[in-house]
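Novice: Next up is a structure, given as structure tokens.
The values are calculated or read from the model by the stated rules, or taken from the named source; none is laboratory data. Note that the structure is a prediction, hence the values are computed from the model and not measured. Positions of Cβ are backbone-derived with ideal geometry, glycine not excepted, and every protein chain shown enters the neighbour counts.
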Amino acid sequence: MTALRAFAATTVRVVVLLAIALAMLAALLIATGHDVVPALSAMVRGAFGSYYAITSATIVRMVPLALAGLAVSVAFRAGILNIGAEGQLLVGAAAATAISGTLVGVPWSIGIPVMLLAGAIAGGAWAAIAGALRLRFGVLEVISTIMLNFVAQYLTGWLVRGPLQEPTQVNPQSATLVPELHMPVLLEGTRLHAGVLLVVVVAIGVWWWLRSTASGFRLRAVGATPTAAASAGGIDVPRTMFGAFLVSGLLAGLAGSVEYTGITYALYENFSPGYGYTAIAVALLARLHPLGVLATALLFGALQAGANAMQRDAGVPSVVVSVVEALLILLVMAADRWRPSRADETGT
Amino acid sequence: MMQEVTIGVSTVDVGALAVGAALLEATVRTATPLAYAALGESVSERAGVINIGLEGSIIAGALSATIAAGAMGVGGGFAAGAAAGLLVAALFALFAVGLRADQIITGTAITLFALGLTGTVYRTVYGSGGVALTTPTAATHALPIISTLPLIGRAFFAQPLVTYALYVIAPLLAWWMQRTHAGLALRAVGEYPEAAIAAGISPRRTQLLAVLFAGAMAGLAGATLVLAQAGTFVEGMSAGRGFIAIAIVVLGRWRPLGVAAAALLFGAATSLQTLFQSMGWTGIPYQLFLAAPYLLTLLVLAITAKRGPRRLV
């Protein structure tokens with residue numbers, strides 16, 4: 001019942017905030033001299049207009065957004081401002097690409113989990129750098145994770161022109177993943193892959209972990225009041241925080257390897273259209289609730305799919321979606337100011 | 001040992017001195033926008049506000065300068081850049097200072113907002129193809145006599161006016177922060193807000209003004225990128241300078257003169273990478289040089305972070 005009520009409350013909240021953000025988008029479109037009605041209708045068509053749009057544009061984008069959104073949620077729950085999901089995602093994709101070269105002839109039932117795991121581990125390791133800098137040297141993770149995002153971007157740029165470049169050495173991208181190791185497609189004729197099932201399972205897993213396990217409780221306690229967690233709860237705060245860095249990085253790295261095995265089948269420089277940054281909006285709009293993240297990721301997947309269609313059909317630059325995302329974050333910040341607690345007070 | 005080396009726009013004959021002079025010149029040029037952004041940020045951080053949205057002010061300043069310079073010339077471009085940076089900072093202040101929302105998340109949203117908005121406006125005004133766009137650029141003024149000094153002459157004294165302005169702004173800020181009542185009030189708000197309130201200082205008003213100042217300075221940084229360096233606007237051309245500026249503030253120990261020196265160090269790191277590239281050190285991937293300023297930031301923070309004022313680290 002509580003879960004149901006939380007779901008209803010979140011839905012109302014999201015709808016209201018989304019309506020305000022879309023009204024602002026309409027105002028922005030008018031201000032920049034675009035026709036609002038054709039633009040917005042192109043957006044809706046691009047996100048929900050057809051079977052193909054829903055499965056192969058919207059839901060397919062939801063997958064990396066939800067995994068990265070879960071990564072951000074776990075970190076923020078622990079009071080860690082991990083802005084580095086973007087870099088962790090890239091490193092995860094790079095690790096999956098690197099290991100795929102050794103998996104020729106391996107059955108998919110082994111090959112795919114190995115690639116996914118490699119991505120998760122790499123993402124976790126990348127986040128661990130920021131964790132160590134924070135806990136050992138007191139470096140704010142906000143700055144370090146942003147710096148590591150840039151480093152990951154240049155690392156990817158080097159990999160796809162160097163060690164991981166495709167055999168003909170012409171294009172700055174990796175070799176295409178052999179079809180036997182592609183994530184299974186769920187619906188014939190669409191791009192919808194099994195990653196969407198994985199995301200749902202992972203979200204439920206994270207929800208259960210935070211809600212029902214001792215380590216999940218410690219994480220939430222540290223995020224709520226670190227001093228009380230240490231003194232009254234006897235919690236090893238640095239250890240718990242480091243664990244949160246790791247899990248957050250694992251999830252973001254998984255987002256990268258799932259995207260690689262399920263959608264792109266190759267690594268290249270602009271592998272992520274900013275999924276790691278959008279993930280912050282995804283997590284905040286869901287009030288850091290793991291199940292809420294599934295819903296808000298779907299919403300942002302639809303927004304991005306719609307924005308692409310808007311650019312194609314109505315000539316509105318798709319980057320406008322960043323403005324909507326930013327406005328949503330700001331609106332959430334303003335709205336939550338009036339709430340008793342910052343994180344979700346129901347459910348977990 | 002004579003060979004041609006190109007750094008930025010200037011081609012020089014190589015002798016150790018000439019390389020050094022060219023390197024210094026590139027250093028000062030690269031450091032100028034970083035110094036503007038970091039000096040502004042040092043003021044707002046002294047008031048206890050970390051503005052991650054600095055990046056947003058820089059990119060907004062860059063685009064506004066581009067648009068305004070076409071119509072009003074270089075001076076108008078700088079003014080528009082500062083105004084745009086200030087406006088973006090005002091939005092940040094509304095949430096982070098006015099509503100006391102989380103500074104970091106607000107700042108992240110502001111950066112996302114400004115990057116999206118500038119991209120939208122740019123592609124709307126100049127077309128999605130990104131028409132080759134050139135703006136008038138700030139002229140270089142070589143100062144008499146001192147610009148002929150060996151090594152440092154051209155580097156420090158044959159620069160556009162926007163660089164010379166820094167030679168005044170940095171010491172002036174240092175004096176203002178340490179020696180004036182307003183500077184003391186600023187530091188009190190950041191370090192001992194209770195004492196500031198007891199002394200009749202309004203923390204919110206002080207923080208608001210500090211954030212607005214930082215925004216205008218970041219806007220000037222963006223204008224400098226366009227009008228004194230690139231001569232054109234490119235989407236996302238701020239390229240993380242707002243974040244690097246925050247690291248520079250830490251390295252400079254929140255003191256204006258220290259911050260200016262730290263900006264020079266970062267400028268030098270970037271210029272060295274250009275030098276190495278032009279000397280054809282192909283054994284080292286060029287991405288490593290591109291990543292160098294970010295790695296340097298991490299290193300600097302690791303060494304210095306624990307020694308900052310209590311509210312800032």
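Novice: Given the structure, is A:G262 in contact (Cβ under 8 Å) with a residue 40 or more places away in the chain, more than 14 Å from every other protein chain (Cβ to nearest Cβ) and touching a strand residue (DSSP E or B) at 6+ places or on another chain (Cβ under 6 Å)? I'd like the intermediate steps shown before the answer.
Specialist: Working: in contact (Cβ under 8 Å) with a residue 40 or more places away in the chain: yes; more than 14 Å from every other protein chain (Cβ to nearest Cβ): yes; touching a strand residue (DSSP E or B) at 6+ places or on another chain (Cβ under 6 Å): yes.
Yes.
Novice: Okay, moving on. Being of a type in the set (A, V, I, L, M, F, W, C) and either outside any helix (DSSP H, G or I) or surrounded by 22 or more Cβ atoms within 10 Å (Cβ to Cβ) (or both) is the filter here, so list the residues in the range A:119-128 that pass it.
Specialist: Within the range A:119-128, the subset of a type in the set (A, V, I, L, M, F, W, C) is A:120-122, A:125-128.
Those that are of a type in the set (A, V, I, L, M, F, W, C) and either outside any helix (DSSP H, G or I) or surrounded by 22 or more Cβ atoms within 10 Å (Cβ to Cβ) (or both): A:A120, A:A122, A:W126, A:A127.
Novice: Go through B:A214, B:A239 for me and flag whichever is touching a helix residue (DSSP H, G or I) at 6+ places or on another chain (Cβ under 9 Å) and either within 14 Å of chain A (Cβ to nearest Cβ) or closer than 19 Å to B:T163 by Cβ (or both).
Specialist: Answer to the selection: B:A239.
Novice: Do we have any residue at all in the range A:282-295 that's modelled with pLDDT under 90, in a loop (DSSP other than H, G, I, E, B) and either in contact with a Lys or Arg (Cβ under 6 Å, 6 or more places away or on another chain) or over 21 Å from A:R5 (Cβ atoms) (or both)?
Specialist: Checked against the condition, which is being modelled with pLDDT under 90, in a loop (DSSP other than H, G, I, E, B) and either in contact with a Lys or Arg (Cβ under 6 Å, 6 or more places away or on another chain) or over 21 Å from A:R5 (Cβ atoms) (or both), the range A:282-295 yields no hits at all.
Novice: Next question. Restricting attention to the range A:186-207, does a residue exist that is in a loop (DSSP other than H, G, I, E, B) and within 14 Å of another protein chain (Cβ to nearest Cβ)? Please lay out each step first, then the result.
Specialist: The initial filter retains those residues of the range A:186-207 that are in a loop (DSSP other than H, G, I, E, B), namely A:186-192, A:194.
Now drop any that are not within 14 Å of another protein chain (Cβ to nearest Cβ), which leaves none.
The answer is no, given that none of the residues of the range A:186-207 is in a loop (DSSP other than H, G, I, E, B) and within 14 Å of another protein chain (Cβ to nearest Cβ).
Novice: For the range A:264-281, name all the residues that are surrounded by fewer than 22 Cβ atoms within 10 Å (Cβ to Cβ) and in a loop (DSSP other than H, G, I, E, B). Break it down into steps so the answer makes sense when it comes.
Specialist: The first filter runs over the range A:264-281 and keeps only residues surrounded by fewer than 22 Cβ atoms within 10 Å (Cβ to Cβ), leaving A:264-266, A:268-270, A:273-274.
Of everything in the range A:264-281, those that are surrounded by fewer than 22 Cβ atoms within 10 Å (Cβ to Cβ) and in a loop (DSSP other than H, G, I, E, B) turn out to be A:Y265, A:A266, A:E269, A:N270, A:P273, A:G274.
The rows are residues; the columns are (1) under 25 Å from A:L331 (Cα atoms); (2) part of a helix (DSSP H, G or I).
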site: A:L17; (1), (2): yes, yes
site: A:A23; (1), (2): yes, yes
site: A:A26; (1), (2): yes, yes
site: A:H34; (1), (2): yes, no
site: A:A39; (1), (2): yes, yes
site: A:V44; (1), (2): yes, yes
site: A:A47; (1), (2): yes, yes
site: A:T55; (1), (2): no, yes
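Novice: I'm checking my understanding of the structure. Among residues of the range A:154-200 that are small (G, A, S) and more than 30 Å from A:T296 (Cα to Cα), which one is surrounded by the most Cβ atoms within 10 Å (Cβ to Cβ)?
Specialist: Step one: of the range A:154-200, the residues small (G, A, S) are A:157, A:162, A:174-175, A:189, A:194-195.
Subset that is more than 30 Å from A:T296 (Cα to Cα): A:157, A:162, A:174-175.
On the way: A:G157: 20, A:G162: 12, A:S174: 26, A:A175: 16.
Within the range A:154-200, the match that is surrounded by the most Cβ atoms within 10 Å (Cβ to Cβ) is A:S174.
Novice: With the condition kept exactly as written, say whether any residue in the range B:139-153 is out of contact with any Gly (no Cβ under 7 Å at 6 or more places or on another chain), in a helix (DSSP H, G or I) and touching a residue at least 12 places away in the same chain (Cβ under 8 Å). Reasoning before the result, please.
Specialist: Narrowing the range B:139-153 to residues out of contact with any Gly (no Cβ under 7 Å at 6 or more places or on another chain): B:139-145, B:148-150, B:152-153.
Next, from what is left, pick out any that are in a helix (DSSP H, G or I): B:148, B:152-153.
Those left that are additionally touching a residue at least 12 places away in the same chain (Cβ under 8 Å): B:152-153.
Looking for residues that are out of contact with any Gly (no Cβ under 7 Å at 6 or more places or on another chain), in a helix (DSSP H, G or I) and touching a residue at least 12 places away in the same chain (Cβ under 8 Å), one finds at least one in the range B:139-153, hence yes.
Novice: While we're here: Does B:A71 fit the bill of being surrounded by fewer than 23 Cβ atoms within 10 Å (Cβ to Cβ), of a type outside the set (V, I, T) and under 19 Å from the mean Cα position of the chain (by Cα)?
Specialist: Values: surrounded by fewer than 23 Cβ atoms within 10 Å (Cβ to Cβ): yes; of a type outside the set (V, I, T): yes; under 19 Å from the mean Cα position of the chain (by Cα): no.
So B:A71 fails the test.
Novice: Select from the range A:153-168 the residues that are over 24 Å from the mean Cα position of the chain (by Cα) and more than 9 Å from chain B (Cβ to nearest Cβ) and list them in ascending order. If you could, list the steps in order and put the result at the bottom.
Specialist: Just the residues of the range A:153-168 that are over 24 Å from the mean Cα position of the chain (by Cα), to begin with: A:161-168.
Selection gives A:P163, A:L164, A:Q165, A:E166, A:P167, A:T168.
Novice: Within the group B:R205, B:R187, which residue is surrounded by fewer than 16 Cβ atoms within 10 Å (Cβ to Cβ) and part of a helix (DSSP H, G or I)? Explain how you work it out, then say what you get.
Specialist: Working: B:R187 fails: surrounded by fewer than 16 Cβ atoms within 10 Å (Cβ to Cβ).
On inspection, the qualifying residue turns out to be B:R205.
Novice: Which one of these is touching a residue at least 12 places away in the same chain (Cβ under 8 Å), assigned to a helix (DSSP H, G or I) and either out of contact with any Gly (no Cβ under 9 Å at 6 or more places or on another chain) or on the phi > 0 side of the Ramachandran plot (or both): B:V88, B:V74? Don't jump to the end; show me each part of the working.
Specialist: Values: B:V88 fails: either out of contact with any Gly (no Cβ under 9 Å at 6 or more places or on another chain) or on the phi > 0 side of the Ramachandran plot (or both).
Of the residues listed, the single one that is touching a residue at least 12 places away in the same chain (Cβ under 8 Å), assigned to a helix (DSSP H, G or I) and either out of contact with any Gly (no Cβ under 9 Å at 6 or more places or on another chain) or on the phi > 0 side of the Ramachandran plot (or both) is B:V74.
To keep it simple, each residue is scored yes or no on (1) among the basic types (K, R); (2) free of Cβ contacts under 8 Å to residues at least 40 places away in the same chain.
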residue: A:I54; (1), (2): no, yes
residue: A:A68; (1), (2): no, no
residue: A:A71; (1), (2): no, no
residue: A:R77; (1), (2): yes, no
residue: A:Q88; (1), (2): no, no
residue: A:T97; (1), (2): no, no
residue: A:L103; (1), (2): no, no
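Novice: Could you grab me the full set of residues in the range A:65-103 that are within 14 Å of chain B (Cβ to nearest Cβ), more than 23 Å from A:T240 (Cα to Cα) and among the polar types (S, T, N, Q)?
Specialist: none
Novice: How about the range A:72-100: which of its residues are assigned to a helix (DSSP H, G or I) and surrounded by fewer than 24 Cβ atoms within 10 Å (Cβ to Cβ)?
Specialist: Pass one, the range A:72-100, residues assigned to a helix (DSSP H, G or I): A:72-77, A:85-100.
The answer is A:F76, A:A98, A:I99.
Novice: Right, here's the next one. What's the total number of residues in the range B:157-172 that are out of contact with any Ser or Thr (no Cβ under 8 Å at 6 or more places or on another chain) and closer than 19 Å to B:A223 by Cβ?
Specialist: Of the range B:157-172, the ones out of contact with any Ser or Thr (no Cβ under 8 Å at 6 or more places or on another chain) are B:161, B:164-165, B:167-172.
With closer than 19 Å to B:A223 by Cβ added as a condition, the list becomes B:161, B:164-165, B:167-170.
Final tally of qualifying residues: 7.
Novice: In the range B:255-288, what count of residues is obtained for those that are assigned to a loop (DSSP other than H, G, I, E, B), more than 14 Å from chain A (Cβ to nearest Cβ) and not charged (D, E, K, R)? Full working, then the answer.
Specialist: Taking the range B:255-288 as the starting set, the residues that turn out to be assigned to a loop (DSSP other than H, G, I, E, B) are B:255, B:279-285.
Now restrict to residues that are more than 14 Å from chain A (Cβ to nearest Cβ): B:255, B:279-281.
Checking the rest, the ones that are also not charged (D, E, K, R) come to B:279-281.
Residues that pass the stated criteria total 3.
Novice: From the list B:G119, B:G61, B:G85, which residue is within 11 Å of chain A (Cβ to nearest Cβ) and closer than 29 Å to B:A26 by Cβ?
Specialist: B:G119
Novice: Quick one: B:Y167 ticks every box in (1) modelled with pLDDT under 85; (2) away from chain A (no Cβ under 14 Å) except a single one, so which number is it?
Specialist: Status for B:Y167: all satisfied but (1).
Novice: Please verify whether the range A:44-51 includes one or more residues that are buried (at least 18 other Cβ atoms within 10 Å of the Cβ) and under 26 Å from B:V125 (Cα atoms).
Specialist: Yes: one or more hits.
Novice: What number of residues in the range A:78-106 are more than 13 Å from the chain's Cα centre (by Cα) and closer than 15 Å to A:V142 by Cα?
Specialist: Number satisfying all stated conditions: 4.
Novice: Restricting attention to the range B:95-114, report how many residues are within 7 Å of chain A (Cβ to nearest Cβ), farther than 17 Å from B:I246 by Cβ and either surrounded by 24 or more Cβ atoms within 10 Å (Cβ to Cβ) or touching a Ser or Thr at 6+ places or on another chain (Cβ under 7 Å) (or both).
Specialist: Number satisfying all stated conditions: 2.
Novice: What's the total number of residues in the range A:300-322 that are among the hydroxyl-bearing types (S, T, Y) and either in a loop (DSSP other than H, G, I, E, B) or away from chain B (no Cβ under 12 Å) (or both)? Walk me through how you get there before you give the answer.
Specialist: Pass one, the range A:300-322, residues among the hydroxyl-bearing types (S, T, Y): A:318, A:322.
Next, only the ones that are either in a loop (DSSP other than H, G, I, E, B) or away from chain B (no Cβ under 12 Å) (or both) stay: A:318.
Of the residues in the range A:300-322, 1 are among the hydroxyl-bearing types (S, T, Y) and either in a loop (DSSP other than H, G, I, E, B) or away from chain B (no Cβ under 12 Å) (or both).
Novice: Within the range A:328-336, is there a residue that is among the small types (G, A, S), over 21 Å from A:L117 (Cα atoms) and surrounded by 24 or more Cβ atoms within 10 Å (Cβ to Cβ)?
Specialist: Keep residues of the range A:328-336 that are among the small types (G, A, S), which gives A:334-335.
Now narrow it down to the ones that are over 21 Å from A:L117 (Cα atoms): A:334-335.
Subsequent filtering for residues that are surrounded by 24 or more Cβ atoms within 10 Å (Cβ to Cβ) retains none.
There is no residue in the range A:328-336 that is among the small types (G, A, S), over 21 Å from A:L117 (Cα atoms) and surrounded by 24 or more Cβ atoms within 10 Å (Cβ to Cβ).
Results for (1) under 23 Å from B:T120 (Cβ atoms); (2) of a type in the set (K, R), shown as yes or no for each residue.
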{"position": "A:I30", "(1), (2)": "yes, no"}
{"position": "A:H34", "(1), (2)": "yes, no"}
{"position": "A:R45", "(1), (2)": "yes, yes"}
{"position": "A:Y52", "(1), (2)": "no, no"}
{"position": "A:A57", "(1), (2)": "yes, no"}
{"position": "A:A71", "(1), (2)": "no, no"}
{"position": "A:N82", "(1), (2)": "no, no"}
{"position": "A:V91", "(1), (2)": "no, no"}
{"position": "A:V106", "(1), (2)": "no, no"}
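Novice: For B:G127, work out the one condition from (1) surrounded by fewer than 17 Cβ atoms within 10 Å (Cβ to Cβ); (2) within 14 Å of chain A (Cβ to nearest Cβ); (3) in contact (Cβ under 8 Å) with a residue 40 or more places away in the chain it doesn't fulfil.
Specialist: (3)
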